[in-house]
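Comments concern the structure below.
The values are calculated or read from the model by the stated rules, or taken from the named source; none is laboratory data. Just so you know, these numbers come straight off a predicted model, no measurement behind them. Ideal geometry is used to build each Cβ from the backbone, glycine not excepted, and the neighbour counts take in all protein chains shown.
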Amino acid sequence: MKVDQKGHTITIKDTQGDFTSFLDKVSQSNPSFETHNIILDLSHNNSITLADLKLVLPLAKLYKKSKKSFVVVVEGIDFNAVPEQLTVVPSVLEAHDIIEMEEIERDLGF
């Protein structure tokens with residue numbers, strides 16, 4: 001697991017390729033990340049399925065409730081099949097763009 005912080009955003013990258021253990025580590029580290037927007041970078045793991053992404057939903061809901069952004073980066077998945085409560089994009093650049101837009105919306109009171 002590789003963690004990079006840039007401003008109010010933390011990018012957590014899966015370096016092991018084992019999604020279950022990665023998700024456990026992220027969940028255990030959650031209190032130290034609470035005050036930041038999160039990008040979960042799974043782009044190097046080609047075995048991520050829709051069922052795997054659904055395991056991230058409770059974590060995503062927790063961040064949305066605390067008015068922080070939670071974006072998952074995954075390539076090669078049917079984005080239309082992803083649950084509405086989960087923000088999934090194909091690149092880290094798009095993840096940063098989404099977080100920037102959500103920050104503006106929160107500042108405007110939406």
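Of everything in region 50-81 that is in contact (Cβ under 8 Å) with a residue 12 or more places away in the chain and of a type in the set (S, T, N, Q), the residue that is farthest from GLN5 (Cα to Cα) is SER66. Within region 9-34, being in a loop (DSSP other than H, G, I, E, B) and over 14 Å from the mean Cα position of the chain (by Cα) holds for THR15, GLN16, GLY17, ASP18. Between LYS2, LYS54, LYS68, the distinction of being of a type in the set (Lys, Arg) and out of contact with any strand residue (DSSP E or B) (no Cβ under 9 Å at 6 or more places or on another chain) belongs to LYS54 only.
Matching residues to (1) farther than 20 Å from HIS8 by Cα; (2) in contact with a Ser or Thr (Cβ under 7 Å, 6 or more places away or on another chain); (3) surrounded by fewer than 18 Cβ atoms within 10 Å (Cβ to Cβ):
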| residue | (1), (2), (3) |
| --- | --- |
| LYS54 | yes, no, yes |
| VAL71 | no, yes, no |
| ASP78 | yes, no, yes |
| SER91 | no, no, yes |
| MET101 | no, no, yes |
| ILE104 | no, no, yes |
| GLY109 | no, no, yes |
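Within region 60-77, one or more residues are under 12 Å from the mean Cα position of the chain (by Cα) and polar (S, T, N, Q). Residues that are β-branched (Val, Ile, Thr) and part of a strand (DSSP E or B) occur in region 51-72; there is at least one. If the condition is being under 13 Å from HIS96 (Cβ atoms) and among the basic types (Lys, Arg), then region 1-18 contributes only LYS6. Please work out if ILE98 is in a strand (DSSP E or B) and modelled with pLDDT of 95 or more. Spelling it out, it is not the case that ILE98 is in a strand (DSSP E or B) and modelled with pLDDT of 95 or more. The residues in region 81-95 that are of a type in the set (S, T, N, Q) and either closer than 12 Å to ILE39 by Cα or modelled with pLDDT of 95 or more (or both) can be counted, and the count is 2.
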